[in-house]
1. Looking at region 233-248, which of its residues are surrounded by 16 or more Cβ atoms within 10 Å (Cβ to Cβ) and either outside the structural domain of residue 193 (by TED's automatic domain parsing) or closer than 19 Å to residue 220 by Cα (or both)?
2. Just one of 120, 162 is in a strand (DSSP E or B), modelled with pLDDT of 90 or more and under 21 Å from residue 53 (Cβ atoms); which is it?
3. At least 3 residues that are closer than 29 Å to residue 329 by Cα and in contact with a strand residue (DSSP E or B) (Cβ under 9 Å, 6 or more places away or on another chain) in each: list the helices (runs of 4 or more DSSP H) lying fully within region 195-309 that qualify.
4. Would you point out which residue out of 310, 322, 259 is modelled with pLDDT under 95 and touching a helix residue (DSSP H, G or I) at 6+ places or on another chain (Cβ under 7 Å)?
5. Just wondering, is there one or more residues in region 312-321 that are loosely packed, with under 14 Cβ neighbours inside 10 Å and outside any helix (DSSP H, G or I)?
6. Among (1) out of contact with any strand residue (DSSP E or B) (no Cβ under 6 Å at 6 or more places or on another chain); (2) buried (at least 16 other Cβ atoms within 10 Å of the Cβ); (3) part of a strand (DSSP E or B), which single condition is residue 82 missing?
């Protein structure tokens, strides 16, 4: 206040507030108050969300090196999952149960905290628990763990780790750059429902994570059970509301979608707004225009594709990665229907199209991408080298296999072509 009310003759000044995501709604209110009190000043709020924190870089392009990083959200762990491959080494603080001798000749076990470095043999990512599990042999000398002993590191949010690679290629560096991009954020929150089942998902830059699952037994509307129907439905809506308040942060997501078959979404939407007014749930009241209703065929996860395809959702997230994925897939199927010679799918057909310099846009599921890039020997041909490394020849889009299942059904890889290749049909897939 003393600075703002100073008698110094400042015509215009710029004050920069950098809030955390949970503080952003409060800071918007502060900004409005400041503007009304001091109209001659110019204020701004930086609402960027903290992304993968790169603590230290020490590598040579197309050579060896290491990066120390901290995952800030689930998307960061997904990027780390795509960065880490067999043969790399990862160092992190971990816990291990060790045996020790006790007086009297007996043995006791205790869980100790220690720092280990493992040479990677297997990587697993649990997107719902937001945990990365890295299994390999220990290569860092330690009094509790022998060199060569197997250990599984668990990397979760906010836990620093060091990744060492013998070769930092262009793809790894590009993935690292995307992971630390401060402009990216979660795209939307989705409440998928049907009577008795509610699920909340967060659709991020690259990962769709499940945040809550609510199941309640709902009696039938007809017969003797009708008396308990209304109370059971109200209890179900209340449980979904509690999960919504806990997991949906409007300072992070673009919008929230309530989707269901029938009228369940409309009923819950009414319940949500009425309870928000009654309990003065300010985030919901202030952002009710950003809550969208969408019809789906079910309340299960595979219906997320219908949500992403809905026009009113696309308008809200049109400049996000999720929207680009949906548009690219729709463009592919439109081309496949109207001009099939300019669209192809399957590893062999895509490889031939690339050899002929015909690939304009490459579509591939995230799961197949890892297999092709890290285990090319599992597939005939040299798709991993021809297409992924030669990034200058085409645009690449990684699609989520679980939401955009249509591509998974077409082998998981497809391409839009610059010019027709009608003879591809004669080549065995």
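1. 233, 236, 237
2. Numbers: 120 fails: under 21 Å from residue 53 (Cβ atoms).
None of the others qualify; the one that does is 162.
3. Of the helices (runs of 4 or more DSSP H) lying wholly inside region 195-309, those with at least 3 residues that are closer than 29 Å to residue 329 by Cα and in contact with a strand residue (DSSP E or B) (Cβ under 9 Å, 6 or more places away or on another chain) span 304-309.
4. 322
5. Kept after step one, since they are loosely packed, with under 14 Cβ neighbours inside 10 Å, are these residues of region 312-321: 312, 315, 318-319.
Next cut, outside any helix (DSSP H, G or I) only: 318-319.
Looking for residues that are loosely packed, with under 14 Cβ neighbours inside 10 Å and outside any helix (DSSP H, G or I), one finds at least one in region 312-321, hence yes.
6. It fails just one condition, (3).
The values are calculated or read from the model by the stated rules, or taken from the named source; none is laboratory data. Because the structure is predicted, anything quoted here is derived from the model rather than measured. Neighbour counts run over all protein chains shown; Cβ positions are idealised from the backbone, glycine included.
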